[in-house]
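The values are calculated or read from the model by the stated rules, or taken from the named source; none is laboratory data. Nothing here was measured: the structure is a model prediction, and the numbers come from that model. We place every Cβ from the backbone using ideal geometry, glycine too, and count neighbours over all the protein chains shown. To get the accessible areas, we keep the full protein, side chains included, count just its heavy atoms, and leave off ligands, DNA and RNA. Shrake-Rupley method; radii C 1.70, N 1.55, O 1.52, S 1.80 Å.
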Amino acid sequence: MARPAVSYRALALGADARAVGVIAGIYALLPLFAAVPLGRRTDHGRCAPLLPIGVALIATGCAFSGTAGSLPAMAAWSGVMGLGHLSFVIGAQSIVARQSAPDEQDRNFGHFTIGASLGQLIGPIAAGLVVSGHDGAMARTSAVALFVSAALAAFSFTSLWRIERRPAGTAATPAKEASARKVSVRSILTTRGVASGMFISLAVLSATDILTAYLPVVGEQRGISPAVVGVLLSLRAAATVACRLAMTPMIRLMGRTVLMAVSCLGAALLCAGIALPVPAWALGVLLAGLGFCLGVGQPLSMTTVVQAAPEEARSTALALRLTGNRLGQVAAPASAGVLAGLAGTAAPFVMLGGLLLISAGIAVRPLRGRPAADPGETRPAPRERRTEGTSASRGAGHPPR
């Protein structure tokens, strides 16, 4: 709800398309510096404390964005909001990773991201209705939408208790903490499948973010009311929910690699189609298809990173993935703002189409040449292979003591 409301409030304060892009980019700037330290801390501690901290920062950023009277203040509070979102997401994703068996991770991350999509379905409709309530008073109504967003975020405190289940005897030890710190960022990034999964996640999230930030601008230029823009954004989110509900059978049918490649290619074509001067109903059709295609990238990239990373550094790996996402959220809106200022609001969507097309090429690489395992598949650990070899040698007549 807050993201389109921020864009409308910035427009009411005199922002142009370029300024909206900068404010959307600031949302991701602070998390660039905080993600990896938070991930390191979570690897050898509890995940749950990050959730209320994140909610508090989100609610604070929403509330003060509603009172901001200048674009620099809007940008600053947007950054606080982004830091809160990062904190919440690292904690929540780490809980899902810890409490899911390897063969359940695709499904559970899919269900987790359905929650985010439901919020993206309801929030833009609510923001559009509030902002459209009084024509000519966008500064006041967008502030009201941000205050409501802050209240809704604060309400989530009621469900943040006892959310983390820790089996007995799993408390962090100094040895485990040292082991988590020994796993370098470089070794995680160079693990097969991690970098490609991060890039695909970056492209998908950048597309979602720029859609949320720039569709209000497109609506203003094409004469589409904020209420209709809210419905269009929610239609995209509803299609994403539908995709994630059907993701497990789609993986069985197509395989993870093919599904990722096809979804990125479809999203590239549909995203470029939004740049065309089509009526609102056609825009809705494009956004529904785009939402379905974009629903694949996030949960599958989470599974890819979690299964590829060492067990003692999974939260750090998820934090690195989020760092890549935030890097995209800084660079993509800023680039989109420059393009929009030079070539109009259609240009950012063409840029996103190109980015998603590159992602489709990256996703399809395992299919080229000799057969390769899906990057998200769990590979047997070297330690397990050594154990099997040791058992075989013992079986030659030397039973274990």
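What residue, of A139, A178, A151, is modelled with pLDDT under 65, in a helix (DSSP H, G or I) and aliphatic (A, V, I, L, M)?
Exactly one residue qualifies, and that residue is A178.
Is there a residue being open to solvent by less than 20 Å² (accessible area, probe 1.4 Å), among the β-branched types (V, I, T) and farther than 29 Å from A139 by Cβ anywhere in the stretch 221-239?
For the stretch 221-239, residues open to solvent by less than 20 Å² (accessible area, probe 1.4 Å), among the β-branched types (V, I, T) and farther than 29 Å from A139 by Cβ: absent.
Are there any helices (runs of 4 or more DSSP H) wholly within the stretch 12-130 with 1 or more residues that are over 24 Å from V218 (Cβ atoms) and open to solvent by less than 10 Å² (accessible area, probe 1.4 Å), and if so which?
Once the helices (runs of 4 or more DSSP H) in the stretch 12-130 are filtered for at least 1 residues that are over 24 Å from V218 (Cβ atoms) and open to solvent by less than 10 Å² (accessible area, probe 1.4 Å), what remains is 29-43, 50-67, 71-98.
Given A381, A372, A343, which one is modelled with pLDDT under 75, farther than 26 Å from G84 by Cβ and open to solvent by 60 Å² or more (accessible area, probe 1.4 Å)?
A343
State which residue is farthest from the chain's Cα centre (by Cα) when the search covers only the stretch 310-331 and only residues that are open to solvent by 10 Å² or more (accessible area, probe 1.4 Å) and among the hydrophobic types (A, V, I, L, M, F, W, C).
So the residue we want is A331.
Output the number of the condition that I224 fails; it satisfies all remaining conditions of (1) more than 13 Å from L283 (Cβ to Cβ); (2) not acidic (D, E); (3) not in a helix (DSSP H, G or I).
(1)
Check off (1) on the phi < 0 side of the Ramachandran plot; (2) in contact (Cβ under 8 Å) with a residue 60 or more places away in the chain; (3) open to solvent by less than 30 Å² (accessible area, probe 1.4 Å) for G255 and give me the number that stays unchecked.
Unmet condition: (1).
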